[in-house]
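Since the structure comes first, as C-alpha cells, the remarks are kept for the end.
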Amino acid sequence: MDLNRALRGTAVGLMALSWGAQAGDIAESVSGGAAHSGGAAHSGDGGYFEMGAAVSYLGSSGDLRYEDDDSLQPSLLISGVYQYGGLFAEMIHQSQDGINLGFNFWNSENWSLDLLVANLLGSISRIEGVDPSQLNEMERNYYLLSEEDSLYIGAGLRATRYWDNQYVLQMRLVHDYYDDQGVYGSVRLGKSWQVRNWNFHMLGSMEYSSATLNRHLYGVSKEEATTLFPEYQPDASLSFGVELGVAYPISQSLVFRGFYRFWSLPGEVSDSPFVTEDHRSVASVSISYVF
C-alpha cells in the first residue's frame, strides 16, 4: 500500500545470497541488502548506512488532491539498517512498508517473528480547526482538496519465512496509534536470483486496509459532502501489486538499483470521488554509496 503516494544493502552481498531467519524488511532481502553479506539485519548486531541519488517516474496519481500528470522526480536516497540485541531500526529506500522500529523476539532456521513498535508511513489528513458544516459548497470543495501531509504510526507483528536461499514470504499487521486511522496489513512473496553480478528480484503483494483506514483516506462524510464530492463511506479492501527490480555492484561500495512497481486499486478506493484511476505505477533508478 502507498498511504500518501505512499518509501528501499552492500555491493559485495549482491554476489552471494545467504539468508538467515532474523529481522529484516522484505525489500532489503530481495533487492540485495546488508542481509546478503552477513549484515546486521540477519546475522547479529551492527548495521549499514547508504546515501545516494534516485530518479523516479511516477505515473498519474489518479487522485484529484495531488498533481495528476506523469512526472520525473529526482530525490536524495538515504537508507540503512541497525540491529542490537534484537532491537532494530529499518529505513529502506525501496520498501513499501515505511520506516520500522521494533524487536526481533523469535527465530528458527526458516522463520522470524518481529514486534513492530513503530511503523511509520506517509498519510494525509483534513485541515485542522475547520468545521465543514460552517462552509459553503465552494469552500467545502476547497477544504476537501486541501489535504495536509500526515503520518500513520502503527504497532503490530511481522512474520517472515525464508527458504531455498531465494524465496521470502513476509506477513505483517499493524494498527495506527498516532491518529487512530485503522488497520493495515500486507502479505508479500519475493524471489531473488543471480545472473553473473546482477541480482534480479520479483515481489508480489496483497494489502489489506480496514474500513476505518479507507474512510480516513478516501471517504467523504455527510457534513463534508458537495455536488462534486458526494458522501462516500468505503468498506475494508484488498489490493494487489507486483514489482520487478535489479541491483548491480558498480564497485565494492557503489550500488546501482532499478525497479518498476505496479499495483491495482480496489473498488473501495477507485470508487471514491477523489480517485479517477484503478491503478498506480512507479519506476525508479538509483546509485548509492554504502558505508
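Worth pointing out:
- Across the range 83-92, not a single residue is classified as at pLDDT 90 or above, under 29 Å from residue 196 (Cα atoms) and surrounded by fewer than 19 Cβ atoms within 10 Å (Cβ to Cβ).
- Residue list for the range 118-144, restricted to those being at negative phi and exposed (fewer than 15 other Cβ atoms within 10 Å of the Cβ): 127, 128, 130, 131, 133, 134, 136, 137, 138, 139, 142
- Hits in the range 144-158 - residues which are part of a strand (DSSP E or B) and among the hydroxyl-bearing types (Ser, Thr, Tyr): 150, 152
- Of all residues in the range 187-204, those satisfying the criterion of being touching a helix residue (DSSP H, G or I) at 6+ places or on another chain (Cβ under 9 Å), assigned to a strand (DSSP E or B) and surrounded by fewer than 23 Cβ atoms within 10 Å (Cβ to Cβ) are 189, 190, 191, 194, 198, 202.
- Scanning the range 240-280 for residues that are more than 30 Å from residue 224 (Cα to Cα), in contact with a strand residue (DSSP E or B) (Cβ under 8 Å, 6 or more places away or on another chain) and small (Gly, Ala, Ser) yields 241, 245, 247, 253, 258.
- Residue ID - surrounded by the fewest Cβ atoms within 10 Å (Cβ to Cβ), chosen from residues in the range 216-266 that are over 20 Å from residue 288 (Cα atoms) and hydroxyl-bearing (Ser, Thr, Tyr): 227
The values are calculated or read from the model by the stated rules, or taken from the named source; none is laboratory data. Source: prediction; values computed, not measured. Because the Cβ atoms are built from the backbone with ideal geometry, glycine has one as well, and the counts that use them run over all protein chains shown.
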